[in-house]
Amino acid sequence: MNSRFDPSPAAVPPRGQLLLVSICLALYLLFCLQQIVLPFRFFGMALSLGSVTMLGCMLAISAGSLVRHGVPSELVRPLLAILMCIAALSASVLASNHIGLACAFAVRYATSLLALWAMLNLAAACPRWPRAATLAALIAVWFNLALAGAVWFQWPGALRVALAFHPEETFKYLPRISGMYEHPALLATSAAMVLLLVLRLQQRGEVGKISLALALVGAVLALALTQVRNTLLPVGVLMAWWAWPRACTSNRQRHIARVALGGIAVLAVFVLWLRYPDMTSAAQENMMTAFTLGRTYLWSGALDAWRDHPWFGLGAGVFQFMVPDYTGGRFHRGELHAHNLLLAALSETGLFGLLAGLALIFALWRPLLRIAAERQWAIAWLILVLGLSTFDFYFPFFPFSMHAALAVASLHAGQSAPSQADGVSRSTT
């Protein structure tokens, strides 16, 4: 094949790949500047440079893609599902008793949906883009770890840099690290997602063992130093699924998965030991409430909120400001969300929002499950994303939604991009 027309990563000059990785990394860091506030407000809420830049960039990519190649046939159903989600968000805002709050959060959710659409179009137009974005995300993990280490040692310059990304209240989690994110869980989940992204590229021969080692070490450090328990559960389930005897995994892959499962068990014991004082602080409660650090009250409150507003919910993002009203005043207003994807969807957007979300998952995963080469990875990502959303709700946060969108775009780009089996030369970096 003539390399001029080969869309594979091997056909891209090293300088071109380096430039693409640099652009992706610079944009991602720019999007994360959530504490540089612009001098105007939206429904009484401050607007950050990162959020506005992200919205403008995704709008530009989406509009440019529409002008250049229209709507690709394979993206028609995802587009319809995304529009359904936006319609459900709009309905929840109009039906809400707190329209200002609901509108502000609906725009945030819509920005994440727009980012998903933009990345799907980028992957369709430029199949080599997900590789560059994945490498940029890997560099971002190590930037987070370096920044977290500097903050840990109280370096004044690092503290000023960190405050451009997250509020000062984030320092209350120390010694648990959070990097440039507002909560340690976001660093743990993003590192786990980057590891899975790099693992898929390494299996396809698009990156080498060095990148895989960096992703693995970065994920282990992030999981250990953030002391986040919730991320370990879906990662453990994923390793258990890969370790189970099946036709689509080799004996070597199953052995590696079992070793990884043992490592996750050791890491889980370490994290539980560190978090033991937090769990025993709720010793007067039942075991489930103590283990989940009060999430059972949030789940019960979210169910009650949905029963009060079954069709359209309280409004996008409103439940966290109504938590005291549904939990007997146990939590501060605006502090916590539902900590579960299903309950968050029901309490905020009702049955219409839940159905729209299920339609989006169906539209995105149905074509992937039909492709033998992508089925294993599609199931793996479904396990990870839904597993991460069992004890938490990450979609309001751009770091999670952008990594999830990148994963989906990478899978859809893999439908047409050549793999190692098609003759693409293996990367060594």
Most mobile listed residue (Val198, Val67, Val107) in the chain, GNM with C-alpha springs under 10 Å
Val67
Solvent-accessible area per residue for the chain (1.4 angstrom probe, square angstrom):
46
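Tell me the Kirkwood hydrodynamic radius of the stretch 151-231 in angstroms, computed as one over the mean inverse distance between distinct C-alpha pairs.
On the way: mean 1/r = 0.0739 Å⁻¹.
Averaging 1/r across every pair of different Cα atoms and inverting gives 13.5 Å.
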Round to a whole angstrom and tell me the spacing of the C-alpha centers of the stretch 295-323 and the stretch 13-86.
29
If I take all pairs of Cα atoms in the stretch 15-150, what percentage of them are more than 21 Å from each other?
53
May I ask for the net charge around Val198, where only other residues with Cβ less than 13 Å from the Cβ of Val198 are counted and Lys, Arg are +1 while Asp, Glu are -1?
+3
If you roll a 1.4 angstrom probe over the protein chains with everything in place, what fraction of the accessible area of the stretch 12-168 belongs to carbon and sulfur, to the nearest %?
73
Just the ratio, please: alpha-carbon radius of gyration of the stretch 31-76 over 2.2 N^0.38 Å, N its number of residues.
1.55
Can you tell me the relative contact order of the chain? Whole percent, Cα pairs under 8 Å, sequence separation 6 or more.
22
Compute log10 of I(q)/I(0) for the chain with the Debye formula, placing one identical point scatterer on every Cα and leaving out solvent, at q = 0.09, 0.12 Å⁻¹, to two decimals.
-0.57, -1.06
In vacuo Debye scattering of the stretch 98-217, one point per C-alpha: log10 I(q)/I(0) at q = 0.13, 0.19 Å⁻¹?
-0.68, -1.09
Report the percentage of all Cα-Cα pairs in the stretch 330-420 whose separation exceeds 15 Å, rounded to a whole percent.
66
Within 10 Å, count the other beta carbons around each residue, average over each peptide in 73-80, 332-339, 307-314, and list them highest first.
307-314, 332-339, 73-80
Roughly how many debye, to the nearest 20, is the charge dipole of the chain about its Cα centre, given +1 on each Lys and Arg Cβ, -1 on each Asp and Glu Cβ, and no other charges?
1120
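Hey, what number do you get for the chain at 222 nm if only DSSP H runs of n ≥ 4 count, each worth -39500 (n - 2.57), divided across all residues, to the nearest 500?
Numbers: 16 runs with 286 residues, N = 429.
Helix-only estimate at 222 nm: -22500 deg cm²/dmol.
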Checking rank on 59-65, 95-101, with mean other Cβ inside 10 Å and highest first, the result is 95-101, 59-65
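At a threshold of 8 angstrom on Cα-Cα distance, excluding pairs fewer than six apart, so keeping six or more, what relative contact order does the stretch 99-227 reach in percent? Write down the numbers at each step before the final one.
Details: 103 pairs, mean separation 29.8, N = 129.
Computed value for the stretch 99-227: 23 percent relative contact order.
Tell me which chymotrypsin sites (Phe, Trp or Tyr not before Pro) from the stretch 26-133 have a DSSP coil assignment and no more than 15 other beta carbons within 10 Å of their own.
Working: sites: Tyr28, Phe31, Phe40, Phe42, Phe43, Phe105, Tyr109, Trp117; in loops: Phe43.
Loop-located and lightly packed - Phe43.
The values are calculated or read from the model by the stated rules, or taken from the named source; none is laboratory data. Remember, predicted model here, so these are calculated numbers, not experimental data. Every residue, glycine among them, receives a Cβ derived from its backbone with ideal geometry; neighbour counts consider all protein chains shown. In case anyone asks, the SASA skips ligands and DNA or RNA and just uses the protein heavy atoms, side chains included. Shrake-Rupley method; radii C 1.70, N 1.55, O 1.52, S 1.80 Å.
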